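Just dropping this structure here.
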Amino acid sequence: MIDKTHSKMGKAKPWMLYGYIGCAITLVGCFAVPVSLGTTAKYAWFFISYTLLNSVFYTANNIAYSALTSLITKNSKERVQMGSYRFIFAFSTSLLIQAITVGFVDKCGGDAAAWRTVAIIYAIIGLVVNTISALSVKELPEEELNEGEVKNDNEKYGMVQAFKLLVKNKYYMMICGTYILQQLYGAMIGAGIYYMTWVLKIRICLDNLHGQ
């Protein structure tokens, strides 16, 4: 879809810019489940918000962000440098967020409203940083990017064919499986924090009350 995009901003920048707007909205949506809804509706709300956040908007934003490196320069050394800086800051920011979030939530009250407040703050920060990143670079014209390349008409394919090629690519499936396991691992850690805070703590309190 990025390859087929033609706009004044370029190919990847629109997906990177507008994709994160969806990320910000759905991130807050994950922590803003209406209390008036029934139990099933609450689960549906979270499932839809979480799926849109990770499977749709984050995917669009992150793939565009990765592709942008090859669209703003033809210098291989600059591409490697930008990719290296990207991962350094990405992992550093991830570690920082994991280190401070729980304490930040506690300082904000420690309840569901506190998680929602923190999510809003993170969404705003991400929106500002992503917008600056997207608008501070300029993609090279397609003529310059394609200069010296030999066009192959046999490589034209639609989205269905592209999906079939991905499924048949064993290395892509290995990476996809590893990424899914990584996400499950992260989800289990998050579930562990929830369980220790809201389930185990409640049980301990109930046991103490029964003991008294």
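The values are calculated or read from the model by the stated rules, or taken from the named source; none is laboratory data. None of the values given here were measured: they were computed from a predicted structure. For neighbour counting, all protein chains shown are included, and Cβ atoms are generated from backbone atoms with ideal geometry for every residue, glycine included. With ligands, DNA and RNA removed, areas are computed over all heavy atoms of the protein, side chains included. Shrake-Rupley method; radii C 1.70, N 1.55, O 1.52, S 1.80 Å.
Indicate the helices, whole DSSP H runs only, in the chain that combine a mean Kyte-Doolittle hydropathy of 1.6 or more with a Cα extent along their long axis of 27 angstrom or more.
Taking the DSSP H segments of the chain (at least 27 Å long, mean hydropathy at least 1.6), we get 112-135.
Another question, if that's okay. Sort the following peptides by mean Cβ neighbour count (other Cβ atoms within 10 Å, averaged over residues), highest first: 112-118, 175-181, 82-88. Write down the numbers at each step before the final one.
Numbers: 112-118: 16.6, 175-181: 10.6, 82-88: 12.1.
Packing proxy ranking, top to bottom: 112-118, 82-88, 175-181.
Name the residue farthest towards the positive end of the dipole of segment 1-99 from the options Thr39, Leu53, Asn75, assuming +1 on Cβ of Lys and Arg, -1 on Cβ of Asp and Glu, about the Cα centre.
Most positive-ward Cα: Asn75.
Please give the peptides 60-72, 162-174, 9-21 ranked by average Cβ packing (other Cβ atoms within 10 Å per residue), highest first, as a rough proxy for protection.
Output ranking for 60-72, 162-174, 9-21: 9-21, 60-72, 162-174.
Can I ask one more? Which shape class, rounded, prolate or oblate, goes with the chain when its Cα gyration tensor gives a ≥ b ≥ c as root eigenvalues, a/c under 1.5 marks rounded, and past that a/b bigger than b/c marks prolate?
Prolate, because a/c is 1.5 or more and a/b exceeds b/c.
Another question, then. Just reorder Cys30, Cys108 by solvent-accessible area, largest first, 1.4 Å probe, all chains present. Write out the running numbers ahead of the final one.
Details: Cys30 15, Cys108 55 Å².
Ranking Cys30, Cys108 by accessible area, largest first, yields Cys108, Cys30.
Averaged per residue, what accessible area in Å² does the chain show with a 1.4 Å probe, protein chains only?
Value for the chain: 74 Å² per residue.
How far apart, in nanometres, would the label points at Lys168 and Val80 be if each is projected 7 angstrom from Cα along the Cα-to-Cβ direction?
Spacing of the two 7 Å Cα→Cβ label points: 3.3 nm.
Each label point is 7 Å from the Cα along the Cα-to-Cβ direction; what then is the distance between the points at Phe87 and Phe46, in nm?
3.4 nm
Of all accessible surface on the chain at a 1.4 Å probe, what whole percent is carbon and sulfur?
Details: 10650 of 15790 Å².
For the chain, the apolar C and S fraction of the accessible surface comes to 67 percent.
What nm value, rounded to one decimal, do you get for the distance between Asn54 and Tyr18 when each label is placed 7 Å out toward the C-beta?
That separation, rounded to one decimal, is 2.5 nm.
I need the semi-axes of the equivalent ellipsoid of segment 90-143: take the C-alpha gyration tensor, multiply each eigenvalue by 5, square-root it, list largest first in whole angstrom. Intermediate results must be reported in sequence, preceding the final value.
Working: eigenvalues 211, 33, 8 Å².
Its equivalent ellipsoid spans semi-axes of 32, 13, 6 Å.
With n ≥ 4 as the cut-off for DSSP H runs, can you work out [θ] at 222 nm for the chain, using -39500 (n - 2.57) per run divided by the number of residues, rounded to the nearest 500?
After summing the helix terms and dividing by the residues of the chain, the value is -24000 deg cm²/dmol.
Between segment 9-43 and segment 46-124, how many Å separate their Cα centres?
Comparing the Cα centres of segment 9-43 and segment 46-124, I get a distance of 13 Å.
First select every other residue whose beta carbon is under 15 angstrom from the beta carbon of Ser7; then total the charges, Lys and Arg +1, Asp and Glu -1. It would help to have the intermediate numbers written out before the result.
On the way: positive: Lys4, Lys8, Lys11, Lys13, Lys138; negative: Asp3, Glu139, Glu142.
Result for the local shell: +2.
Can I ask one more? How high is the relative contact order of the chain? Use alpha-carbon pairs under 8 Å, at least six apart in sequence, and give a whole percent.
So the answer I get is 24 percent.
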